1. Regarding segment 78-95, can at least one residue be identified that is modelled with pLDDT of 85 or more, in contact with a Phe, Trp or Tyr (Cβ under 7 Å, 6 or more places away or on another chain), of a type outside the set (Lys, Arg) and closer than 23 Å to Ser263 by Cβ?
2. For segment 146-187, enumerate the residues that are touching a Gly at 6+ places or on another chain (Cβ under 6 Å) and outside any helix (DSSP H, G or I).
3. Tell me whether segment 223-245 contains one or more residues that are closer than 21 Å to Val132 by Cβ, β-branched (Val, Ile, Thr) and under 15 Å from the mean Cα position of the chain (by Cα).
4. In this structure, is Arg80 of a type outside the set (A, V, I, L, M, F, W, C), surrounded by fewer than 19 Cβ atoms within 10 Å (Cβ to Cβ) and touching a residue at least 60 places away in the same chain (Cβ under 8 Å)?
5. Is there any pair linking a residue in segment 280-294 that is within 25 Å of Thr252 (Cα to Cα) and touching a residue at least 60 places away in the same chain (Cβ under 8 Å) to one that is assigned to a helix (DSSP H, G or I) and among the small types (Gly, Ala, Ser), with Cβ under 6 Å and at least six apart or on different chains, and which?
6. Please note which helices (runs of 4 or more DSSP H) are completely contained in segment 208-302 and include at least 2 residues that are touching a helix residue (DSSP H, G or I) at 6+ places or on another chain (Cβ under 7 Å) and of a type in the set (Phe, Trp, Tyr).
7. Anything in segment 47-67 that is surrounded by 13 or more Cβ atoms within 10 Å (Cβ to Cβ), out of contact with any Gly (no Cβ under 6 Å at 6 or more places or on another chain) and assigned to a helix (DSSP H, G or I)? List them, or say none.
8. Which of the residues belonging to segment 189-203 are within 13 Å of Glu110 (Cα to Cα) and among the polar types (S, T, N, Q)?
Amino acid sequence: MSIAATTARETVQIASAGRSRDRNPASMVFLGALWFSLFFGVMVLVVLITDTAIDGAGRFDANLLTRYDSTLVPERTGFRAGILGTIWLMMFTALMAVPLGIAAAVYLEEFADSQKWYNRFIEVNLQNLAAVPAIVYGLLAVAVLAIVGINTRGVMLGGAIALALLILPVIIITTREAVRAVPEEIRQGSYALGATTWQTTWRQVLPSAVPGIATGTILGLSRAIGEAAPLVMLGLYSSVRFDPEGLMSAITALPIQIYGLSSNSQEAYREAASAAIIVLLVMVLGLNGLAIFIRNKFQRSW
């Protein structure tokens, strides 16, 4: 028998053995459990969303988006103030967290000396901060406002600070991963042409890491848009009947209004809260869709 025939025969035997090991009863049971867990989780989510949409179906009208909270006519209550407040909060949160998060990530990944104790201390704490409960960031924002002498409760500045602190570790970690994924050959080629570390980072590394940075940033904002615990600690109002006017303006947010109305005894308010949940879900899915679009649009293969 020739060497080639022997090798082919051994290859077939190894492949057959691998397939048989993959299909033994234990692995098939485990695979079935994984698929059942996935199916169960998705079905529970679909049932919850469907049930919420049915409960709020009677309130999918223009009043839901254009009117303020109403105590006189519950059937016409709206979430204009909450929707606008949420949009403003996301804008100021992004202005505070995104530049700082990207700058910190670039410094830690491209310029910091990993052998220094303080850089290692920062890296360890970044991993821990990403798992801190959201309400803790609300307490931290209250402390920051007290330090700078702002004692007014329920203002946009406090909410933006809390949400910026909440998503800052996420932005830093995802940006570092995006920067780390850029091939080292790009950096070496830039250095070989005489570019400095800053020029290489600004002109080569960051443009190449845009898909990962944008995706991580938008997903961080998607998490912040649905948070209510930090905003409750800051005393954001559940009922506001005017549009936001600035950083020191009293505001409400959609999660706060949903929280307030869902526990109300009147059926009309609970129906409005169910409709507002779907509106908030659409906003979150819109941000996630934007993240997927940016990732696919600017993604590069090395």
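The values are calculated or read from the model by the stated rules, or taken from the named source; none is laboratory data. All of these numbers come straight from a predicted model, not from anything done at the bench. Don't worry about glycine lacking a Cβ; one is built from the backbone with ideal geometry, like all the others, and counts go over all protein chains shown.
1. As a first pass, look at segment 78-95 and keep what is modelled with pLDDT of 85 or more: 78-95.
Now narrow it down to the ones that are in contact with a Phe, Trp or Tyr (Cβ under 7 Å, 6 or more places away or on another chain): 78, 80-81.
Okay, now just the ones that are also of a type outside the set (Lys, Arg), so 78, 81.
Now drop any that are not closer than 23 Å to Ser263 by Cβ, which leaves 78, 81.
Taking every residue of segment 78-95 in turn, at least one turns out to be modelled with pLDDT of 85 or more, in contact with a Phe, Trp or Tyr (Cβ under 7 Å, 6 or more places away or on another chain), of a type outside the set (Lys, Arg) and closer than 23 Å to Ser263 by Cβ.
2. Arg153, Gly154
3. yes
4. Numbers: of a type outside the set (A, V, I, L, M, F, W, C): yes; surrounded by fewer than 19 Cβ atoms within 10 Å (Cβ to Cβ): yes; touching a residue at least 60 places away in the same chain (Cβ under 8 Å): yes.
Yes.
5. Correct list of pairs: Val284/Ser222; Leu287/Ser222; Asn288/Ser222.
6. 267-298
7. Scanning segment 47-67 gives Ile49, Thr52, Ala53, Asp55, Gly58, Arg59, Leu65.
8. To start, the set of residues in segment 189-203 that are within 13 Å of Glu110 (Cα to Cα) comprises 196-202.
Those that are within 13 Å of Glu110 (Cα to Cα) and among the polar types (S, T, N, Q): Thr196, Thr197, Gln199, Thr200, Thr201.
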